[in-house]
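Heads up, the thing below is written out as structure tokens.
The values are calculated or read from the model by the stated rules, or taken from the named source; none is laboratory data. In this text, all values refer to a predicted model and were calculated from it rather than measured experimentally. Here the Cβ positions follow ideal geometry from the backbone for every residue, glycine too, while neighbour counts run over all protein chains shown. With ligands, DNA and RNA removed, areas are computed over all heavy atoms of the protein, side chains included. Shrake-Rupley method; radii C 1.70, N 1.55, O 1.52, S 1.80 Å.
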Amino acid sequence: MQSMTPERPDLSFDPATPEEWAALRALGHRMLDDMVAHLETLHDRPAWREMPPDVANSFEEPLPRSGSGSAAAYRAFHERVLPYPNGNLHPRFFGWVQGNGTPLGMLAEMLAAGLNPNVGGFNHAPLLVERQVIRWCAELMGMPEAGGLLVTGGTMANTMGLAVARFAKSRESGRDVRTNGHQAWPGVAPEAPLVFYGSSETHGWAVKAAEWMGLGNRAFRQVPVDADYRIDIDALEAQLAGDSAAGLQPFCIMGTAGTVNTGATDDLVRLSEICRRDNLWFHVDGAFGALAWLSPTLREQVRGLERADSLGFDLHKWGSMPYECACVLIRDQQVHHDAFRTTASYLAQYKRGVTAGGTYYAERGLDLSRGFKALKVWMSFKAHGIDKLVAIIEQNVAHMQHMAARVRAHPQLELLAPVPLNIACLRFTDPSLGEDTLNAFNEELLLRLQERGIAVPSSTMLAGRFAIRVAHVNHRSTLADIDAVVDAVVSIGRELLSERAGTARGAATAIV
Ligand SMILES: *Cc1c(COP(=O)(O)O)cnc(C)c1O
């Protein structure tokens, strides 16, 4: 060991002198002031803008061997990152289902990183914060006996639910999936393929999960939907019967509360009854739609989710938490633990001291080291209260009812799906536009809407028809923002029509 000499001082990432600490504090205050100013002036900015090529190219810079200092690193953020986000903070961002985050959530993230606890387990206040958040979520969703944990997103929350479902139902049927997986081991009798069910409108996480869990994506049986994009129960029954007759082993039915395309919700009560009858696990993907349960006026739409064996939902979508944050609730806490329980000598736990309580969360999911996602939820629930969250959810739905009404009333606009919740799928139409031209026409319309920074809806295809899809989980939007989107779709649509007319005239002239 080399002894530390004045020529070789002890190193650390912390500031070394009181002056350096003061400089860090000043820089931190500037960061805070800049971010608050950014949030305060969102309405004055475009919803999105293209990065200039020199900015985009600047991210090709070489690996920094020697540091340029915190102030320079912050300057790079301020000049090249801050001005070019994807827009999801903006009051007229309605793309995909991306949440805004909140100012308080931002501050809580700083506190969480500052305290920097590892919430995989052990005996400390941050762990109790997460347990309290999970208890609150369980109570909110009408599953007070459930446990669970916070994870990165809906994909992971739903995948955790499906993983526990597979463990629970295969164990009940005498299979040891933790030991054998899905491989044909010598001496182990071959086992029926495990299959699970959801509608064809199920989000893409289910295919990924089936592949990653080693089930193979053919294990995910995609059942057709009815005209309202809800799972066709008769088709489900037929497929269940057919699969069982063919020697497959159904283990889970998934219902969606709020499909990603149109916001439709499956008949969750019926699905739960089928699960009870056939001894199947009932999982609900409520990525954003589960939060409708919190509203007395919207609850009926998602009734049945409280019967789930497991429920996955995001807090970074309709819960307005900054990325990342989602929750999975699992009713049977014992089976949840059994599905992920691990032991390791380097994780020995004692009844007292730092390790008391053990690796609680690490034994209920895949991650060992886990960040302090719970703090932003805990502080936001306390600061804003659940009633405010519910009021914002109801405001979003009211906005979309308003948009749907305007679309229905306008001769050049068409709704392509019902608007049960917070998603509207629409397009511009005109008698001069044939069905074969409408898709490209509306695609161009959407791109202009985005590129001009007016608003950011996204798109989807519904029965072969291109839809401008407005998915609304935006707590910053006003009714005027909603009107601005409708007005802009009409005006850009008319602009495109007149361009077409101009081209047609030009072509006619050329022929003459
Ligand atoms: C967004 C979404 C997901 C995936 O959630 P992520 O947080 O993006 O991983 C799953 N299901 C539905 C219905 C969704 O809308």
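Just read off the accessible area of His43 with the full protein assembly in place, 1.4 Å probe, to the nearest 10 Å².
90 Å²
Using a 1.4 angstrom probe with every protein chain in place, what is the largest-first accessible-area order of Leu215, Leu421? It would help to have the intermediate numbers written out before the result.
Numbers: Leu215 25, Leu421 0 Å².
Heavy-atom accessible area, descending, gives Leu215, Leu421.
Using alpha-carbon pairs under 8 Å, 6+ residues apart, how would you state the relative contact order of the chain in percent? Walk me through the numbers before you get to the answer.
On the way: 838 pairs, mean separation 107.9, N = 512.
Reported relative contact order: 21 percent.
Can you tell me the relative contact order of the stretch 24-143? Whole percent, Cα pairs under 8 Å, sequence separation 6 or more. Let's see the in-between values first.
Values: 39 pairs, mean separation 31.1, N = 120.
Rounded, it is 26 percent for the stretch 24-143.
In square angstrom, rounded to the nearest 10, how much accessible surface does Thr152 have for a 1.4 Å probe?
Approximately 50 Å² of Thr152 is accessible to the 1.4 Å probe.
Tell me, what is the FRET efficiency for Glu499 and Arg465 to the nearest 0.05, using R0 = 30 angstrom and their Cβ-Cβ distance as r? Intermediate values should be presented prior to the final figure.
Details: r = 22 Å, r/R0 = 0.73.
Rounded to the nearest 0.05, the efficiency is 0.85.
Once amide H atoms are placed 1.01 Å from N in the peptide plane, what residues at a sequence separation of 5 or more from Val260, or on another chain, have their amide H within under 5 Å of its amide H?
Here His203 satisfy the definition.
Report ³J(HN,Hα) in whole Hz for each residue of the stretch 142-151, in order, from the Karplus equation J = 6.51 cos²θ - 1.76 cosθ + 1.60 where θ = phi - 60°; Gly and Pro get x.
Going residue by residue, I get x, 10, x, 7, 6, x, x, 7, 8, 9 Hz, with x marking Gly and Pro.
Quick query: amide H of Leu462 versus all other amide H atoms, modeled in the peptide plane; which residues come in under 5 Å with a sequence gap of 5 or more or a different chain?
Ala467
Tell me the label-point distance for the pair Met110, Gln412, using the 7 Å Cα-to-Cβ offset, in nm and rounded to one decimal.
The answer from the label model is 4.7 nm.
Just the accessible area for Phe77, please: 1.4 Å probe, Å², rounded to the nearest 10?
About 70 Å², rounded to the nearest 10.
Quick one: order Thr429, Thr262, Thr342, Thr179 from most to least accessible surface, probe 1.4 Å.
Working: Thr429 25, Thr262 5, Thr342 75, Thr179 95 Å².
So the residues, ranked largest to smallest area, are Thr179, Thr342, Thr429, Thr262.
By a straight-distance test (C-alpha under 23 Å), which lysines pair with Lys317 as possible cross-link partners, with residues fewer than eight away in the same chain excluded?
The reachable lysines, counting only those whose Cα sits under 23 Å from Lys317, are Lys208, Lys373, Lys376, Lys382, Lys388.
Please give the FRET efficiency for Trp212 paired with Arg352, using the beta carbon to beta carbon distance and R0 = 51 Å, rounded to the nearest 0.05. Present the calculation step by step, with values, prior to reporting the outcome.
Working: r = 39 Å, r/R0 = 0.76.
Approximately 0.85, to the nearest 0.05.
For Glu201, Glu394, Glu139, write out the residues from largest to smallest accessible area, computed with a 1.4 angstrom probe and no ligands counted. Walk me through the intermediate numbers first.
Details: Glu201 25, Glu394 60, Glu139 130 Å².
Most to least solvent-accessible, the answer reads Glu139, Glu394, Glu201.
Could you give the nm distance between label points at Ala383 and Leu366, where each point is 7 Å from its Cα heading toward the beta carbon?
3.1 nm
What list of ³J(HN,Hα) couplings, whole Hz, do you get for the stretch 92-108 from phi and the Karplus terms 6.51, -1.76, 1.60, once you set θ to phi - 60° and write x for glycine and proline?
10, 9, 9, x, 6, 9, 9, x, 8, x, 9, x, 5, x, 4, 5, 5
For the pair Phe13 and Ser345, how long in nm is the line joining their label points, each one 7 Å along Cα→Cβ?
It works out to 3.1 nm between the two label points.
Would you mind calculating the relative contact order of the stretch 329-482 from Cα pairs under 8 angstrom and at least 6 residues apart, reporting the percent as a whole number?
Details: 146 pairs, mean separation 24.4, N = 154.
Relative contact order comes out at 16 percent.
Rounded if a/c is under 1.5, else prolate if a/b is larger than b/c, else oblate: which is the stretch 99-193, with a ≥ b ≥ c the root eigenvalues of its Cα gyration tensor? If you can, show how the numbers build up before the last one.
Working: a/c = 2.61, a/b = 2.33, b/c = 1.12.
Prolate, because a/c is 1.5 or more and a/b exceeds b/c.
To one decimal place, what orientation-averaged projected area in nm² is obtained for the convex hull of the Cα set of the chain?
Values: hull surface 133.0 nm².
Projected area, direction-averaged: 33.2 nm².
I'd like to check one number: the per residue accessible area of the chain, probe 1.4 Å, reported in Å² as a whole number. Let's see the in-between values first.
Working: 24870 Å² over 512 residues.
Value for the chain: 49 Å² per residue.
What does the convex hull of the alpha-carbon atoms of the stretch 378-512 project to on average, in nm²? Mind showing how you got there, number by number?
Values: hull surface 39.7 nm².
For the stretch 378-512, averaging the hull's shadow over all directions gives 9.9 nm².
Round to the nearest 0.05 the FRET efficiency obtained for Asp278 and Glu394 when R0 = 51 Å and r is the Cβ-Cβ distance. Before the final figure, lay out the partial values.
Details: r = 36 Å, r/R0 = 0.71.
FRET efficiency, Asp278 to Glu394: 0.90.
Of the heavy-atom accessible surface of the stretch 404-498 (probe 1.4 angstrom), what whole percent is carbon and sulfur?
On the way: 1880 of 3440 Å².
Answer for the stretch 404-498 is 55 percent, counting heavy atoms of protein chains only.
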